[in-house]
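As structure tokens, the structure follows; a few thoughts come after it.
The values are calculated or read from the model by the stated rules, or taken from the named source; none is laboratory data. The structure displayed is predicted, hence computed values, not measured ones. Here the Cβ positions follow ideal geometry from the backbone for every residue, glycine too, while neighbour counts run over all protein chains shown.
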Amino acid sequence: MADVYLPSTLPPLFPGLPRRLELDASSVDEAIRQLDQRWPGMRDRLVEGGPAIRPHIHVYVDQERAGLNTALEPRSRVDVIAAISGG
Amino acid sequence: MSKVMVLVGTRKGCFVLESDGDRRDWEVKGPFCEGWPIYHVIYDHDTNAIYAAAASEWHGATVWKSADLGETWTQSSEGLGYGDDGMKMSKVSSLAAAHGRLLAGAEQAGIFESQDAGATWKLLTSLEHPAAKDWNDPEKQPPGHLGVSAITPHPGDGPEHFWAIVQGYSLFETSDDGETWTPRNEGLRADWPREYDDIGFCVHKVVIAPTDLNRMYQQNHCGMHRSDDGGQSWTEITEGLPSDFGFAAAVHPHDKDTFYVVPVDPGHARTMHDGKASVWRTRDAGSSWQRLHEGLPQQDAYLGVLRHGMTNDRLDSPGLYFGTTTGQVFGSVDEGETWNELAGYLPAIASVEVAVVE
């Protein structure tokens, strides 16, 4: 199970969404789709047309910058960051 | 007793200013919408809901909704996009509610509709025109200045009849719910070369007189204009104003000849002239203008007002309201003769609308 950490900007949009949860997913894309199934609309908050992760959302897998196609290992740590975006 | 709600969209969320029918004392509520940048907030009289057009640099574009006059909010962008291979959806710029549905103008240019009170959206039209490749090209217009900046339903006709402004290009009219569009720019002025015969005019704001639906006014990049034929042709009425440039406009709800604008510096500043805050009013359909300033700051007041930044209610003695890019909201209940500051320290204001709720 991947250990997923989400930014503080998301729980106010999706009631019941924790900041940290475990997901059984083989890629970042699959993890986001699983989140979207449980909290509909989540994918649109993280992914734009292309598809690609939104420019000001940074995803790290085991501390390496990741994209949608980045693979997840069973014990990967996934950090989803709302990057600095102006004042 | 009726409650008057001034709905304010700001760079850092939505605010609601509440008063009673006297409109003397105001309570500021908010910020709502989790502090997202809000570009336009409207009230839907059919459903008593508030909707806020939003775009976050982190989380994209969405429309927020409150079904309880601002107490609680949800958001949905389901269907509000052009798909993985389509145009970029950078923000929802404008909203309109009429005939039991919502319309949302987007950047890049398209109009989405919701038939289920904002739960889901679908693309209604992307305004087919040979110039669409230009108005959606960031090389030709800077990001943040593209798209459909306003949608104006016809107040008397069915849902298929409305106008839309494509920022920097044209006012368009459709009578078949967006299937076809007719540019409505006859008589307008453009101080630049135009690539197309019928478009290339920078329309900022269009309003319709409730007492005569053929009477329209517009604030253009190049002048203030009046139409007496439902927007089919325009006559410039700028003479007597300190500049031909501005964004905001409002028409009196009971007198078709009374119209308000906020002229601003047309250069980089885009603030009110000479540091003196002013609203300008005509009572004769643009033949003459009066500067209205009592109660507004008259020294070092470099205030800007954007296209959705001024509105009025329709009470017997109508209230007129505007919000500034420096976060003040001013209101007048005597047709602009005197003004009061309703809020002084909000974030930069993009839109001001008003609802009277029984």
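If you take the residues of the stretch B:27-36 that are in contact with a Leu (Cβ under 8 Å, 6 or more places away or on another chain) and part of a strand (DSSP E or B), which of them is farthest from the other protein chains (Cβ to nearest Cβ)? Please lay out each step first, then the result.
So in the stretch B:27-36, the residues in contact with a Leu (Cβ under 8 Å, 6 or more places away or on another chain) come out as B:27-29, B:34.
Keeping just the survivors that are part of a strand (DSSP E or B) gives B:27-29.
Working: B:Glu27: 23, B:Val28: 21, B:Lys29: 17 Å.
This residue is B:Glu27.
Residue count for the stretch B:57-67 under the criterion of being buried (at least 22 other Cβ atoms within 10 Å of the Cβ), within 11 Å of chain A (Cβ to nearest Cβ) and among the hydrophobic types (A, V, I, L, M, F, W, C): the result is 2.
For B:Gly13, indicate whether it is closer than 17 Å to B:Gly309 by Cβ and either in contact with a helix residue (DSSP H, G or I) (Cβ under 8 Å, 6 or more places away or on another chain) or polar (S, T, N, Q) (or both). Break it down stepwise before answering.
Values: closer than 17 Å to B:Gly309 by Cβ: yes; either in contact with a helix residue (DSSP H, G or I) (Cβ under 8 Å, 6 or more places away or on another chain) or polar (S, T, N, Q) (or both): yes.
Here the answer is yes, as B:Gly13 does meet what is asked.
On the stretch given as the stretch B:68-81, residues that are within 22 Å of the chain's Cα centre (by Cα) and more than 11 Å from chain A (Cβ to nearest Cβ) total 2. Of B:Ala106, B:Ala54, all but one fail to be in a strand (DSSP E or B), within 14 Å of chain A (Cβ to nearest Cβ) and closer than 19 Å to B:Ala164 by Cβ; the exception is B:Ala106.
Every condition in (1) outside any loop (DSSP other than H, G, I, E, B); (2) under 20 Å from B:Glu57 (Cα atoms); (3) within 14 Å of chain B (Cβ to nearest Cβ) holds for A:Ser8 except the one numbered (1).
Residues that are buried (at least 20 other Cβ atoms within 10 Å of the Cβ) and not in a loop (DSSP other than H, G, I, E, B) within the stretch B:70-97 comprise B:Gln75, B:Ser76, B:Lys91, B:Val92, B:Ser93, B:Ser94, B:Leu95, B:Ala96, B:Ala97, listed in sequence order. Take the conditions (1) within 18 Å of B:Leu146 (Cβ to Cβ); (2) within 11 Å of chain A (Cβ to nearest Cβ); (3) aromatic (Phe, Trp, Tyr); B:Tyr39 misses just one of them, which is (2). Looking across the stretch B:101-150, the residues that are modelled with pLDDT of 95 or more and surrounded by fewer than 17 Cβ atoms within 10 Å (Cβ to Cβ) come down to B:Gln115, B:Asp116, B:Ala119, B:Thr120, B:Lys122.
For the stretch B:14-26, the candidate set comprises residues that are in contact with a Leu (Cβ under 9 Å, 6 or more places away or on another chain) and assigned to a loop (DSSP other than H, G, I, E, B); within that set, the residue that is surrounded by the most Cβ atoms within 10 Å (Cβ to Cβ) is B:Arg23.
Residue-wise test of (1) more than 19 Å from the chain's Cα centre (by Cα); (2) among the acidic types (Asp, Glu); (3) surrounded by 23 or more Cβ atoms within 10 Å (Cβ to Cβ).
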position: B:Pro153; (1), (2), (3): no, no, no
position: B:Ala164; (1), (2), (3): no, no, yes
position: B:Phe172; (1), (2), (3): no, no, yes
position: B:Asp176; (1), (2), (3): yes, yes, no
position: B:Glu179; (1), (2), (3): yes, yes, no
position: B:Asn185; (1), (2), (3): no, no, yes
position: B:Pro193; (1), (2), (3): yes, no, no
position: B:Asp197; (1), (2), (3): yes, yes, no
position: B:Gly200; (1), (2), (3): yes, no, no
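Checked across the stretch B:84-102, the condition of being within 22 Å of the chain's Cα centre (by Cα), farther than 28 Å from B:Arg11 by Cβ, without any contact (Cβ under 8 Å) to a residue 60 or more places away in the chain and away from chain A (no Cβ under 11 Å) holds for at least one residue. Scanning the stretch B:57-69 for residues that are part of a strand (DSSP E or B) and either hydrophobic (A, V, I, L, M, F, W, C) or under 18 Å from B:Arg307 (Cβ atoms) (or both) yields a count of 3. When residues in the stretch B:196-213 are screened for being under 15 Å from B:Gly286 (Cβ atoms) and not in a strand (DSSP E or B), 2 of them pass.
I'd like the residue in the stretch A:62-87 that is touching a residue at least 40 places away in the same chain (Cβ under 8 Å) and among the β-branched types (Val, Ile, Thr) and, out of all such residues, is farthest from A:Ser8 (Cα to Cα). Only one residue fits best here, namely A:Thr70. Being buried (at least 18 other Cβ atoms within 10 Å of the Cβ), more than 10 Å from chain B (Cβ to nearest Cβ) and part of a loop (DSSP other than H, G, I, E, B) is a property that does not hold for A:Leu17. Selection of the stretch A:27-55 for residues being assigned to a loop (DSSP other than H, G, I, E, B), over 16 Å from A:Tyr5 (Cα atoms) and in contact (Cβ under 8 Å) with a residue 12 or more places away in the chain yields A:Gly41, A:Pro51.
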